[in-house]
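Structure first, commentary second.
Computed from the coordinates by the stated procedures, all read-outs in this text should not be read as laboratory data. Every value quoted in this text rests on a predicted model; they were computed, and no experiment measured them. We place every Cβ from the backbone using ideal geometry, glycine too, and count neighbours over all the protein chains shown.
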């Protein structure tokens with residue numbers, strides 16, 4: 001549970017930093033120029049609705065909250081979770097579960113390509129990989145044994161790899177089925 005809370009908070013910080021990289025006025029001007037975005041104002045605060053199902057809402061403090069309303073899932077949230085599980089499985093399952101590790105790598109790679117292609121701010125696959133390693137390395141376990149018994153991987157990865165791999169592949173297919181800006185919310 002401690003790890004889950006840390007991951008959620010870290011993800012919010014990374015998303016806030018990423019989304020605030022574009023000056024607010026530039027952001028809203030660029031959104032207004034897009035033919036796939038409708039901007040409305042309510043009580044002085046703007047909301048941008050992408051035809052693809054993503055929404056950006058201006059907050060009273062000037063920040064912007066990004067929400068995926070597609071029902072397919074928030075791409076950045078899925079990427080953060082799968083990246084961590086992938087990195088942890090690489091540490092915990094040395095030469096075993098090769099098919100599972102390959103499926104996680106493929107899922108993360110596909111999500112990273114989607115993020116690079118659909119992000120509103122320029123980001124590279126190397127940027128994403130560095131962010132994943134940074135987040136992974138910030139979680140402090142007392143030992144490899146503790147990570148491999150108390151971390152995400154042992155609790156979320158069932159022993160039936162074939163069924164999990166099929167569900168993972170189908171889930172990522174569905175997640176990435178609609179091109180849209182990758183956002184973090186709703187996350188779990």
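Quick one: which of 54-61, 97-104, 179-186 comes out on top by average Cβ neighbours within 10 Å, and what's the full order, highest first? Walk me through the numbers before you get to the answer.
On the way: 54-61: 15.1, 97-104: 16.9, 179-186: 19.8.
My ranking of the peptides, most packed first, is 179-186, 97-104, 54-61.
Cα gyration tensor of the range 129-188, axes a ≥ b ≥ c as square roots of the eigenvalues: rounded (a/c below 1.5), prolate (a/b > b/c) or oblate? The partial results should precede the final answer.
Working: a/c = 2.79, a/b = 1.31, b/c = 2.12.
Oblate.
What length, rounded to one decimal in nm, is gained on full extension from residue 36 through to residue 61, with 0.36 nm per residue of separation minus their alpha-carbon distance?
6.4 nm
Classify the range 47-119 from the C-alpha gyration tensor, please: rounded if a/c falls under 1.5, else prolate or oblate depending on whether a/b exceeds b/c. Each step should come with its number before you reach the end.
Values: a/c = 3.67, a/b = 2.51, b/c = 1.46.
Judged from the Cα gyration tensor, the range 47-119 comes out prolate (a/c at least 1.5, a/b above b/c).
Ranked highest first by average number of other Cβ atoms within 10 Å, how do 31-38, 167-174 line up?
Working: 31-38: 12.8, 167-174: 14.4.
By packing density, highest mean first, the sequence is 167-174, 31-38.
Shape call for the range 75-175 from the C-alpha gyration tensor, a ≥ b ≥ c root eigenvalues: rounded (a/c under 1.5), prolate (a/b greater than b/c) or oblate? Before the final figure, lay out each step's value.
Numbers: a/c = 2.28, a/b = 1.27, b/c = 1.80.
Because a/c hits 1.5 or more and a/b fails to exceed b/c, the range 75-175 counts as oblate.
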